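Chemist: Have a look at this one before I ask anything.
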Amino acid sequence: ASDRPIAINPSAALDRVSFRTYLSGVLERPGRPADLRTGLRYRLFKELVNVGDYAAALAVFEDIQADCRARFGLEISPATAAEHNRAVRGGNFDVPFCLPGLLFFRGMVALNASPALGEAAAWFDAAALAATAFRAAYQAVGIDDGETGAIERGAPELALLALCHGDPALAASRLRQLHEPPQSLVSTVALRLIDIGHMGPAAEVAALSDDPALPAMVEGWSHLLRGENAQAHAALAEAGRSDGPIGA
């Protein structure tokens, strides 16, 4: 975006390093409007999360926090999500338009760079709530936003994966409450629970699978962890005989 004509080469490949350098450079220039600076910081934060530079991303996030406190009296956190969602649904946009993304990518930092992975679930839950509120407000005036829609769909699934580490029973309960949960999500959550040793919740999730290999796999690993090698071998062999995606 520019306030004057610019020449663009539409066939040029996007250089993400140059993009981040550009964003940082613009932010260092004085006199930019507050809305523009918030948007630029959000894009830089997102880019840093996507390349896994979490320390730099968190530093930018703290700048965004300070900016939002000064501009909106807003603390970006899961604890304030419900309050601001109500305001947005009521037509009060005294929050940054990038709020759903800020919450979502802060959740990604927690999921990938925090020793307490379960904490990420609260960020993803807040992101999903914010995305739903913003989309409702957008659609009320006849518009929508693709990234916000992607966050609305993706955040609840990532919250489930985070809960596997923080509250595995809640992860299983949430998945059971979904109407026809995607089979790929059932498999992903069950396998994550198996990997970290939460076999009870893994069995609850595996029971939702259309593939008989998944419950057999949970049973096999449960026997193995109890030192019941013969039973484990039989159950895992049964899982291997399945024609479904897990067994295959």
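The values are calculated or read from the model by the stated rules, or taken from the named source; none is laboratory data. Being a predicted model, the structure only gives us computed values, none of them experimental. Glycine gets a Cβ as well: all are built from the backbone with ideal geometry, and neighbour counts include every protein chain shown. Protein only, heavy atoms only, side chains kept; ligands, DNA and RNA dropped before computing areas. Shrake-Rupley method; radii C 1.70, N 1.55, O 1.52, S 1.80 Å.
Chemist: For the range 71-120, which GluC sites (Glu not before Pro) are in a loop by DSSP, counting at most 14 other Cβ atoms within 10 Å? Write out the running numbers ahead of the final one.
Modeler: On the way: sites: GLU75, GLU83, GLU119; in loops: GLU75.
Sparse-neighbourhood loop GluC sites (Glu not before Pro): GLU75.
Chemist: Further question: Top to bottom by accessible area (1.4 Å), largest first, where do HIS198, HIS84 land? Present the calculation step by step, with values, prior to reporting the outcome.
Modeler: Details: HIS198 60, HIS84 25 Å².
Most to least solvent-accessible, the answer reads HIS198, HIS84.
Chemist: Next question. Would you compute, from DSSP H runs of 4+ residues alone, the mean residue ellipticity of the chain at 222 nm, taking -39500 (n - 2.57) per run and dividing by the full residue count, rounded to the nearest 500? It would help to have the intermediate numbers written out before the result.
Modeler: Working: 12 runs with 171 residues, N = 248.
Computed ellipticity for the chain at 222 nm equals -22500 deg cm²/dmol.
Chemist: Here's another thing I want to ask about it. Could you please state how large a percent of the accessible area of the chain is carbon and sulfur, counting protein chains only and using a 1.4 Å probe? Present the calculation step by step, with values, prior to reporting the outcome.
Modeler: Values: 7120 of 13060 Å².
Accessible surface attributable to carbon and sulfur in the chain totals 55 percent.
Chemist: Using the Cβ atoms and a cut-off under 15 Å, what net charge is assigned to the surroundings of LEU161, where Lys and Arg are +1 and Asp and Glu are -1?
Modeler: -2
Chemist: Related question: Mark the label point 7 Å from the Cα of ASP144 along Cα→Cβ and return the residues of the range 100-118 whose backbone N is within less than 20 Å of it.
Modeler: 100-101
Chemist: Nothing charged except the Cβ atoms of Lys and Arg (+1) and of Asp and Glu (-1): what's the magnitude of the dipole of the chain about its Cα centre? Round to the nearest 20 debye.
Modeler: 740
Chemist: Can I ask one more? Any chance you could run the full-extension gain for SER114 through LEU224? It's 0.36 nm times the residue separation minus the Cα-Cα distance, nm to one decimal.
Modeler: Net length gain for the segment: 36.6 nm.
Chemist: For the range 128-140, what does the Karplus curve 6.51 cos²θ - 1.76 cosθ + 1.60, with θ = phi - 60°, yield as ³J(HN,Hα) per residue in whole Hz, taken in order and with x for Gly and Pro?
Modeler: Result, ordered by residue: 5, 4, 5, 4, 5, 5, 5, 5, 4, 5, 4, 5, 5 Hz.
Chemist: Rg and Dmax in Å for the range 123-181, alpha carbons only: what are they?
Modeler: That works out to 13.1, 40 Å for Rg and Dmax.
Chemist: If I take every Cα pair under 8 Å that is 6 or more residues apart in the range 9-129, average their sequence separation and divide by the length, what percent do I get for the relative contact order?
Modeler: 20
Chemist: Using a simple spin-label model with points 7 Å from Cα along the Cα→Cβ vector, what separation in nm is obtained for SER18 and PHE97?
Modeler: Distance between label points: 2.6 nm.
Chemist: Report the full-extension gain for the segment ALA66 to ILE8: residue separation times 0.36 nm, less the Cα-Cα distance, to one decimal in nm.
Modeler: Result: 17.5 nm gained on full extension.
Chemist: Determine the relative contact order of the chain: mean sequence separation of Cα pairs under 8 Å and six or more apart, normalised by residue count, in whole percent. Each step should come with its number before you reach the end.
Modeler: Details: 294 pairs, mean separation 25.6, N = 248.
10 percent.
Chemist: Where Lys and Arg each count +1 and Asp and Glu each count -1, what net charge lies around PRO33 among other residues with Cβ under 14 Å from its Cβ?
Modeler: Values: positive: ARG29, ARG32, ARG37, ARG41, ARG71; negative: ASP3, ASP35, ASP67.
Net of charged neighbours comes to +2.
Chemist: Let me spell out the model: positive unit charges on the Cβ of Lys and Arg, negative unit charges on the Cβ of Asp and Glu, origin at the Cα centre of the range 138-202. What dipole size does that give, in debye rounded to 20? The partial results should precede the final answer.
Modeler: On the way: 4 positive and 8 negative charges, 67 e Å.
Charge dipole of the range 138-202: 320 debye, to the nearest 20.
Chemist: Moving on to the next point. Skip the ligands, DNA and RNA, and give the accessible area per residue of the range 114-232 with a 1.4 Å probe, whole Å². Numbers along the way, then the final one.
Modeler: On the way: 5570 Å² over 119 residues.
Accessible area per residue: 47 Å².
Chemist: Once Lys and Arg get +1 and Asp and Glu get -1 on their Cβ, which of CYS68, ASN112, PRO78 lies farthest toward the positive end of the dipole of the range 54-187?
Modeler: Comparing the listed Cα positions along the dipole, PRO78 ranks first.
Chemist: Residue by residue through the range 40-49, what is 3J(HN,Hα) from phi via Karplus (6.51 cos²θ - 1.76 cosθ + 1.60, θ = phi - 60°)? Round to whole Hz and write x for glycine and proline.
Modeler: 5, 4, 4, 5, 5, 4, 4, 4, 5, 5
Chemist: Net charge within 12 Å of ALA216 by Cβ-Cβ distance, Lys/Arg positive one each and Asp/Glu negative one each, not counting ALA216 itself? Intermediate results must be reported in sequence, preceding the final value.
Modeler: Working: positive: ARG241; negative: ASP211, GLU219, GLU238.
Local charge sum for ALA216: -2.
Chemist: List the GluC sites (Glu not before Pro) in the range 149-248 that DSSP assigns to loop (not H, G, I, E or B) and whose Cβ has at most 14 other Cβ atoms within 10 Å. Which are they?
Modeler: GLU228
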